Structure formats: C-alpha cells, structure tokens
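J.: Can you read through this structure? Questions will come right after.
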Amino acid sequence: MNDGLSFSKQKDAIKTFIRKQLLSPNLNFFIGSGCSFPAVPLMGKTFKSLKKDLHDAALGNYRSEENDDIEGYLNWLHTSLNFFENSDIDYENIGEFQENYERTKKGLIESIDINYYEHKDVLNFYREFYNEIFSIRNNKDFSPVNVFTTNYDLFNELAMENANIRYTNGFRGTIQRIFDPTEFHLRLVDDVNRYKDKWSIVRRFVKLYKIHGSIDWIYDSKIGKVVQRRANEDESENVLIYPTIHKHIETQQTPYSELFREFSINLQKPNSTLVVMGYGFPDQHINQLISQALSNEDFTLIIFSSLLEDKAKEFFENHKDLLNIHFIGGRMIPAENPSDSEDGHHFRNILSYMKAGEGDD
C-alpha cells in the first residue's frame, strides 16, 4: 500500500516492485484490447456502430444500447443458428440471424484490418514494452516470457519482429504455416560456436498465445487445418475469431482448447507472475483460471486497471484480501504540474514503471 506517500515516492515504489517482478522465473503477461487503443477501436464501440445496420429482430437482448459485448453477441448468434439448423422449427427470420452474423463478424474484422505503421505511437509502445522486458532479463537463463492476449490484431508480432525478438505463436512451417501446439514446447538455441561444450539458449524469446484467435488465422477446408495467412475479401467466414468457431472444428474446439490449456498450465507453474494490462475482465472463463492460480501462495498477480471499470473492480473486490494480488491504477497527478494528470494504468505509464531510472541497476 502506498497511501500517504508523495506522487514521486509512490511511483518509485511501484517501479521498484515491477522491475523486481520482471525477474520472475516464470513471467507471464496478459494483454487486452486497451493496449491497442486507439489504433484498434474498442470492440464495444465497433458493435454500437454496427447495430444500426443489423436486423432488429435478430438482436435479442443485445438490442439495448448498454449491451455492447460484440463477442457475446456473435456467440449468441452462432448458438442460435446451430439450434435452428439442427431442429425441426421453421423460423421465418433465420435469414436475418445469418445476415447479422456475417455483417457483425465482417465489421469486427474490418475494424482490426488496419495499416499498423500508420499508428506508430501504439506500435512503439509495444516495441518498448518488449525491449524493456529483455533489458532486465537478457543476461539470465530464464524461461521464455509468455504473452497471452485476447487481441486479434498484429501489434505484438510486428513489435517483436521490429525489435529482433524471436517468438512462436504455435504455427510451424514457412510457406504453409499450420497450427501445431507442440511448437510451444520447443526452445531455440544459439549454436553459432560449434565448439562450445554447451549450446546457449536464445534469451530474447517469447511464446505468444492468442487465446481468442487472430485476424490472420484461417481454417483451410482443403487440408482441414488452421493456417496462418491474411484472409481474402470473401474469406471472412473462415477467419478464426473467437467465439465464431468454424463448423468443421467445432467438436474439437481447436485451437482455442489448446491455448486455454496452456494458459492454465503456465499460471500453475511454481513461482509464476502474471501481469495484466489493457484487460477489463469481461471473460469469465479467463477470470476463473486467474482466480484458481491465486490459490497458490507463490503466484503473484499484478493488475493494471481502473476501479471505475465495473468488472475489473468486481474481480479485485472478490480477491483483495489475498496477499498475492496487486492492483495498480488511479490517476497520476504530478505535484509539479497537476494539470498533466492521466490514468495510471495506460500503456505509456506501465512502460514508465518498467524503465530503469537513476540509480537503478
């Protein structure tokens, strides 16, 4: 608790704590859509803009202005269409359900299909984020950093490639990249010096788990596999955006089942740290897995968020008596210039806690 400390001392205390946690033997990050804003609009805003072009009869409870959960709506439509398809009910508005499904998914994909280099501020935040992680961890033989994200965009991938950081996203191959979860269990080594007694592991290495899918993941019906490539204009149906599971992979739930399993396994490893950023705790399945990890005394959870966000506040209130949860947010109000106040959980401020200051190692 930093109550009673000056702004500068609070920031120094948080900086010291965060940099220490970045040395965790098993370091995990969870990145939500807030980190890609404003380059990628928040999904709730996208849904509100799409509603005016959707059939009212197929909106159900999502007709309300307040109900802006676009993923929940796509899941509801998907379930409804499956029900109609497998029942004897002759529902006259089924075409409106199908049209709403196609329009909503296409609109969501289009909101993410951006020119990333036109949003240099956001791309630079991601690049700085990865560089700061490895400026601290680079000289030690730690496990790879795990990054879990619900984001469909490509900021993580582009930032790591720009920063010369190796990563795996669960796909193997070069020309035809096919999802294979065993890729997450491989480790790169540097064998430049062939006469070394022992190979050196590649330290700047990240395992990227896109647990809700990605704009460049496609179900290829010709080979029956999930592949990585950009979709054509008429391929939006096959883009792997959770929870719009393609009908051919619905029974296996691949690749989502493997990705969620990896999330659970990594949080349960001894001496693990999870840093949550840009996530408002809307997904109960994810929240439950984080809650389960909190039962381990050697697990540390750090949440950058705001108590003004109802679901984030609810999660924190349910666990605030535990010693291994740390909630960082509020307004940053510098004493020297109070007019420069801003939210403490924004990406740029998270980066300021990660960066070395005067006197830091």
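The values are calculated or read from the model by the stated rules, or taken from the named source; none is laboratory data. These figures come from a predicted structure and were not determined experimentally. A quick note on method: Cβ atoms are made from the backbone with ideal geometry, for glycine too, and the neighbour counts reach across all protein chains shown. Note: accessible area is taken over every heavy atom of the protein model, side chains too, but ligands, DNA and RNA are not part of it. Shrake-Rupley method; radii C 1.70, N 1.55, O 1.52, S 1.80 Å.
J.: When you count, for each residue, the other Cβ atoms within 10 Å and take the mean per peptide, how do 50-63, 221-234, 274-287 rank with the highest first?
T.: Ranking, from highest mean packing down: 274-287, 50-63, 221-234.
J.: For the chain, what is the mean residue ellipticity at 222 nm derived from helices alone (per DSSP H run of n ≥ 4: -39500 (n - 2.57); sum divided by total residues; nearest 500 deg cm²/dmol)?
T.: -11000 deg cm²/dmol
J.: Okay, moving on. Defining a contact as two alpha carbons under 8 Å apart and six or more residues distant in sequence, what relative contact order in percent does segment 1-94 show?
T.: This gives 18 percent for segment 1-94.
J.: Can I ask one more? Where the centre of each part is set by its Cα atoms, how far does segment 265-322 sit from segment 42-95, in angstrom?
T.: 30 Å
J.: Looking at the chain only, what percent of DSSP beta bridges run antiparallel? Nearest 5 please.
T.: Rounded to the nearest five, the antiparallel share is 30 percent.
J.: Separate question: Among rounded, prolate and oblate, which fits the chain when a ≥ b ≥ c are the square roots of the eigenvalues of its C-alpha gyration tensor, a/c under 1.5 means rounded, and a/b larger than b/c means prolate?
T.: oblate
J.: Next up: Quick one: grab the alpha carbon gyration tensor of segment 251-314, order the square roots of its eigenvalues as a ≥ b ≥ c, and give me rounded if a/c is under 1.5, else prolate or oblate depending on whether a/b is larger than b/c.
T.: It is oblate, given that a/c is not under 1.5 and a/b is not larger than b/c.
J.: Given the Cα-Cα distance of residue 37 and residue 223 and 0.36 nm per residue of separation, how much length would full extension add, in nm?
T.: Here the answer is 63.4 nm.
J.: How far apart, in nanometres, would the label points at residue 158 and residue 201 be if each is projected 7 angstrom from Cα along the Cα-to-Cβ direction?
T.: With each label point 7 Å from Cα toward Cβ, the separation is 3.1 nm.
J.: Accessible area per residue, 1.4 Å probe, Å², for the chain: what's the number?
T.: 53 Å²
J.: Kirkwood hydrodynamic radius (Cα pairs, Å) of segment 63-129?
T.: 14.7 Å
J.: Turning to a different aspect of this structure: By the scheme Lys and Arg +1, Asp and Glu -1, what is the net charge of all other residues having a beta-carbon under 13 Å from that of residue 126?
T.: Cβ neighbours under 13 Å give a net charge of -3.
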